[in-house]
Amino acid sequence: MTSSARQSTLELFQTGSRKAQRLFEREARGLLQSNAPTFATLQRVFDGIWILTALYLARTAYPAEWNVGMTAAGLLAVLAYYLVAEVRGLYRSWRAAPPREEIFHVLVTWAAVVPILLFLGFATKTSADYSRVVTLSWFLGAPGLIVAWRMGVRLLLMELRKHGKNSRTIAIAGATRLARQLANRIREDASFGLRVHGFYDDRAGARRHDPDPSVGSVLGNLDQLVADARQGKLDIVYIALPLKAEPRINSIVRRLADTTATVYVAADFFVFDLLHARWTNVGDIPVVSIFDSPFHGVGGWLKRLEDLAIGAAILLLIALPMLLIAIGVRLTSPGPVFFVQKRYGLNGKEIRIIKFRTMTVCEDGADVQQARRNDPRVTRFGAFLRRHSLDELPQFFNVLMGDMSIVGPRPHAVAHNELYRSKVHGYMLRHKVKPGITGWAQVNGWRGETDTVEKMERRIEHDLHYIHNWHLTWDLKIIFLTIFGKKKNRNAY
């Protein structure tokens, strides 16, 4: 897409010149919508008020003298917050965005303010003039008050929109599969405050994906869309044409620049199997990731902290049982206590995992045969260990070393990776995260021998579902199911 086309896809606003049109918009769309700039100004004012309120409350809870320096610190914090917030676009409309996205931007904005204040205190040699308790309480309390205020406003607006207030009229350019999904999502959540006016498409009926009549209908071609937008009938236009229709998208964007409608391009990335897609920039060029890991930034830190804290605690608890198991392995069959095997780790990097030896052999070559029912290679004590997953306990050392996580897709032998990567679609995507001692596939019974491609497909399906939807509490659930779940020992031999 050309540079001019990219610029045209940004939100386009123009002010109507006639008083009658402004009055019509006030009545038809709601007081808040017609006063959107005023509302954004109120948000700025209240964000500043909550920052100063948090400082006052911190000073009140831990009595300290309010002096000129404290006033200066509060005003500098408000100024820095405004500057960072403007850069991050914090005062844009959050109408259809999930609450967590707005909360995240507030926290990131404040997180940028804190080091600015600390640096200024250090540079001016005034940091010793401020109470550490008051300062820490302020740093923690300010974002809490801002978030609470914004979520309260959001809940109020959601209720108003559910009752038809503060709503906006939208149109969708393109009768496509993506357009249907977009319209259905808008219909499902009345809190967005969006009303679908209709669809517009130049293509014949056989080439269109006509929408559900309960959502809307095709009102005309793209010329009609531009005409309706020029008449002020539309507040927002979503362009939901296929990616290959770049010339048509470019043409629509240019023509809609002569209207007061806000324009969004809904790129049809559903043609790809997205794995934690996210927008980023290469210089000033926006790009979207198709395959990515969920463990970037805060997510990665939380995951690592979880592994270190829970992993260390579990190792302390299992130290004595592991010693007894090691003795049992040594006494019941000849060979080493531990079995070290090459596996694929994060991003396909080769790692070596540690297990208690459960077989009479230690295979780790180009041809590794999976354990099967009544496998003669498995020792009697080894069968007990495998049935209860006790042979995996030494892998907590791999967790502390950073090669593995407690929860994640189970690592396969290198030979099995090379076998299945060409047979199972998306197989290697499971390596976008660290392998785990246990995982979503394992607690659902998809463990053990995969003697058919279908079984491996089911395992990979569960692994990718975990990566798609990861959150910290899900890890805790999987750990619980690993210990107490009914399916945890299925197919273990």
Return yes or no: is Val106 surrounded by 12 or more Cβ atoms within 10 Å (Cβ to Cβ), within 20 Å of Ala54 (Cα to Cα) and either more than 18 Å from the chain's Cα centre (by Cα) or not hydrophobic (A, V, I, L, M, F, W, C) (or both)?
-> no
Which condition breaks for Ala173 when tested against (1) touching a helix residue (DSSP H, G or I) at 6+ places or on another chain (Cβ under 9 Å); (2) assigned by TED's automatic domain parsing to the domain that holds Val45?
-> (2)
Counting only residues that are assigned to a loop (DSSP other than H, G, I, E, B) and among the small types (Gly, Ala, Ser), the stretch 193-240 contains a total of 7
Inspect the stretch 328-343 for any residue being exposed (fewer than 14 other Cβ atoms within 10 Å of the Cβ), closer than 21 Å to Lys477 by Cα and either at pLDDT 90 or above or touching a Leu at 6+ places or on another chain (Cβ under 7 Å) (or both) and give the result as yes or no.
-> no
Per the filter on the stretch 113-128, residues surrounded by fewer than 16 Cβ atoms within 10 Å (Cβ to Cβ) and in a helix (DSSP H, G or I) are Pro115, Leu118, Phe119, Phe122, Ala123, Ser127, Ala128
Return the total of residues in the stretch 227-269 being farther than 17 Å from Ala179 by Cβ, modelled with pLDDT of 85 or more and among the aliphatic types (A, V, I, L, M).
-> 1
Residue list for the stretch 59-83, restricted to those being at pLDDT below 90 and farther than 18 Å from Thr124 by Cβ = Arg59, Thr60, Ala61, Tyr62, Pro63, Ala64, Glu65, Trp66
Matching residues in the stretch 51-88 - criterion: being among the β-branched types (Val, Ile, Thr) and more than 17 Å from Leu140 (Cα to Cα) | Val68, Thr71, Val84, Val87
Being modelled with pLDDT of 85 or more and crowded, with 17+ Cβ neighbours inside 10 Å, is that true of even one residue in the stretch 286-306?
-> yes
Sole exception among (1) modelled with pLDDT under 85; (2) touching a Phe, Trp or Tyr at 6+ places or on another chain (Cβ under 7 Å); (3) surrounded by 15 or more Cβ atoms within 10 Å (Cβ to Cβ) for Asp364, by number = (2)
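Looking at Leu346, is it more than 30 Å from Thr473 (Cβ to Cβ) and modelled with pLDDT under 90? Break it down stepwise before answering.
Numbers: more than 30 Å from Thr473 (Cβ to Cβ): no; modelled with pLDDT under 90: yes.
In short, no.
Going by the structure shown, is Leu120 of a type outside the set (Lys, Arg) and either over 30 Å from Pro63 (Cα atoms) or at pLDDT 90 or above (or both)? Reasoning before the result, please.
On the way: of a type outside the set (Lys, Arg): yes; either over 30 Å from Pro63 (Cα atoms) or at pLDDT 90 or above (or both): no.
The answer is no for Leu120.
Would it be correct to say that Arg95 is assigned by TED's automatic domain parsing to the domain that holds Gly141, more than 18 Å from Ser127 (Cα to Cα) and in contact with a strand residue (DSSP E or B) (Cβ under 9 Å, 6 or more places away or on another chain)? Step through it out loud before you land on a result.
On the way: assigned by TED's automatic domain parsing to the domain that holds Gly141: yes; more than 18 Å from Ser127 (Cα to Cα): yes; in contact with a strand residue (DSSP E or B) (Cβ under 9 Å, 6 or more places away or on another chain): yes.
For Arg95, the condition - assigned by TED's automatic domain parsing to the domain that holds Gly141, more than 18 Å from Ser127 (Cα to Cα) and in contact with a strand residue (DSSP E or B) (Cβ under 9 Å, 6 or more places away or on another chain) - is met.
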Out of Trp149, Trp138, Trp110, which single residue is in contact with a Pro (Cβ under 8 Å, 6 or more places away or on another chain) and within 22 Å of Ala61 (Cβ to Cβ)?
-> Trp110
Wholly within the stretch 395-493, which helices (runs of 4 or more DSSP H) include no fewer than the required count, namely at least 2 residues that are surrounded by 17 or more Cβ atoms within 10 Å (Cβ to Cβ) and modelled with pLDDT of 85 or more?
-> 395-401, 440-443, 453-468, 472-484
Find all pairs meeting these conditions: Cβ atoms under 6 angstrom apart; at least six residues apart or on different chains; first residue within the stretch 129-157 and crowded, with 18+ Cβ neighbours inside 10 Å; second residue of a type in the set (D, E, K, R).
-> Val134/Arg59; Ile146/Asp47
Looking only at the stretch 84-96, which residues are under 23 Å from Gly152 (Cβ atoms), modelled with pLDDT under 85 and not in a loop (DSSP other than H, G, I, E, B)?
-> Arg88
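Test Arg154 against the stated conditions and say whether it is within 20 Å of Phe39 (Cβ to Cβ), assigned to a helix (DSSP H, G or I), under 26 Å from the mean Cα position of the chain (by Cα) and modelled with pLDDT under 85. Break it down into steps so the answer makes sense when it comes.
Working: within 20 Å of Phe39 (Cβ to Cβ): yes; assigned to a helix (DSSP H, G or I): yes; under 26 Å from the mean Cα position of the chain (by Cα): yes; modelled with pLDDT under 85: yes.
Considered against the rule, which asks whether it is within 20 Å of Phe39 (Cβ to Cβ), assigned to a helix (DSSP H, G or I), under 26 Å from the mean Cα position of the chain (by Cα) and modelled with pLDDT under 85, Arg154 comes out as yes.
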Within the stretch 241-265, residues hydroxyl-bearing (Ser, Thr, Tyr) and assigned to a helix (DSSP H, G or I) come out as Ser251
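The values are calculated or read from the model by the stated rules, or taken from the named source; none is laboratory data. These numbers were taken from a predicted model, which means no experiment stands behind them. Counting neighbours? That spans all protein chains shown, and the Cβs are built from the backbone with ideal geometry, glycine included.
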